[in-house]
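Participant: This structure is in structure tokens; I'll ask about it shortly.
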Amino acid sequence: MKRITKIEDNKVLSVKKKIRVAAYCRVSTTSDEQLISLDAQKAYYENHIKTNSEWEYAGLYYDEGISGTKKYNRDGLKSLIKDCEKGLVDLIITKSISRFSRNTTDCLEIVRKLIDLKVFIIFEKENINTGSMESELMLSILSSLAESESFSISQNSKWAIQKRFQNGTYVISYPPYGYANIDKTMVIIPKEAEVIRFIFAQILAGKGTGVIAKSLNEKGVPTRKGGKWHSTTINGLIKNEKFIGDSLFQKTYTDGNFNRFANKDKFDKYLITDHHEPIISREDFHKANDILGQRAKEKGNGEDTSRYQNRYSFSGKIVCSECGSSFKRRTHYKQSGDYIAWCCSKHIEDKNSCSMKYVNEEGIKVAFLTIMNKLIFSHKKILKPLLRSLTSMDEKGMLIKIGEIDNQVEKINEQKVVLASLVSSGFLDPAMFNSENNSLLAEEKSLQDDKSKLLRGVNGDRTKTDALEFLIKFASNSKMLTEFEDEIFINHVEKIEVKTRTEIVFILKCGLNLTEGVKG
């Protein structure tokens, strides 16, 4: 008689396949201390993987003496990725996101690639597993860390620029229409200067900015970038002090979310008069601006012609990803029923200057409810790991450095007192005193700049941390949202960036950027 055996019942053949786990570690220098750390990491991961009965040791990949800012410089990481492509690795363990890659743009690229290969990463410090979370939200978290990295780089650049503002050595890289930068000096371009003089003459003759823009377009006069003239362009030129030979620095500033704003007494401004050759006389410049100011008052806008009343929760919060302009609220009248939409202000003014079309207000509200409900549902897996990441940033290290700087400044002040005493007693030559004192002052200024940068770093991190803690408290105590509430939106959203009519990005105050679809 024939004998039949079911394969699934044969326990000998149903051995569970182990997960092939590899580890990656890195040290950024080849010092003895760092190499000892690398050896310790190797031993730890090999033991950690081999003691897990469900895991199979797939090797340890590492780089030493290599910067973590670019993946292209790291042979160990490249070798790991190649083995993942060959199907030799199922899971990667690494200490932290910063150990894996300090350049978070590269980190995002690698994570996406590995997810496509069905290979996931465990970041131990942040307690993040790319295989156990929605990839969209996972990448949003990593993107928020990229923003912190970019913020740090940006702050370094800002301090260098501000220093040049203060000592008058700042070079205007992109002079306005009418000027060119030649050998670090603003020089008049005669043909463009004639256009500037024409614009001011028209304003003084009583013509409106829209009429002037239309006239220039009809004459075929291109803008600096070869585009069309608009009333806002004319308005900006009339207000630009550079046409009378002056330069006002830091008229705008960029916040922690990389949004640019007009500097209305938030930071110091630096005015240099007679900085370069003027195109317009001071008298004509002030007359033209008085005319624009009067027109603005007649329209009810006061002196700020870009003012838009914040009567709605979305007012001033929605920006166009194509041109950067703010969105304005509009009522659309249809036979099927009227509805509210938000549209790019530049598109409203001239459809050819920006192609971005309107977004339905109800669609925005539904999209907001969707992302908030995702966060409410998954706040333990999404928001709390991000909070641990933010709070684990080296604030203590920054505070220690601030203390060290204070000690150094105190020593410098003591040295200055000694120098003053020596020169007043006749033991030190005045020329030598000036040289030594100036050197100490320069060193003190440099230290104070470093301290200010550190303080801003600490405060910036705390602002995001506070916003994140507020969001976690809300998410952990809330049920799924069914209706849009202005207060919730205002409390947690910094702004909305419109990518297309069907895709928008909510930029939260805690630093998360979450993309969501919009239905018309």
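The values are calculated or read from the model by the stated rules, or taken from the named source; none is laboratory data. Just so we're clear, the structure is a prediction, and the values are computed from it rather than from any experiment. Ideal geometry is used to build each Cβ from the backbone, glycine not excepted, and the neighbour counts take in all protein chains shown.
Participant: Out of (1) modelled with pLDDT under 75; (2) within 17 Å of LEU114 (Cα to Cα); (3) surrounded by 13 or more Cβ atoms within 10 Å (Cβ to Cβ), the odd one out for CYS84 is which?
Facilitator: (1)
Participant: Consider ALA475 carefully, then state whether it is closer than 16 Å to HIS379 by Cα and buried (at least 21 other Cβ atoms within 10 Å of the Cβ).
Facilitator: Taking the combined requirement at face value, the residue satisfies it.
Participant: In region 229-241, what residues are of a type outside the set (A, V, I, L, M) and in contact with a Leu (Cβ under 8 Å, 6 or more places away or on another chain)?
Facilitator: TRP229, ASN235, LYS239, GLU241
Participant: Now a separate question. Restricting region 261-291 to residues that are at pLDDT 85 or above and among the polar types (S, T, N, Q), which is surrounded by the most Cβ atoms within 10 Å (Cβ to Cβ)?
Facilitator: Of everything passing the filter in region 261-291, ASN289 is surrounded by the most Cβ atoms within 10 Å (Cβ to Cβ).
Participant: Next question, about the same structure. Condition first: in contact (Cβ under 8 Å) with a residue 40 or more places away in the chain and of a type in the set (S, T, N, Q). Now tell me which residues in region 311-358 satisfy that.
Facilitator: Within region 311-358, SER313, SER321, ASN352, SER353 meet the criteria.
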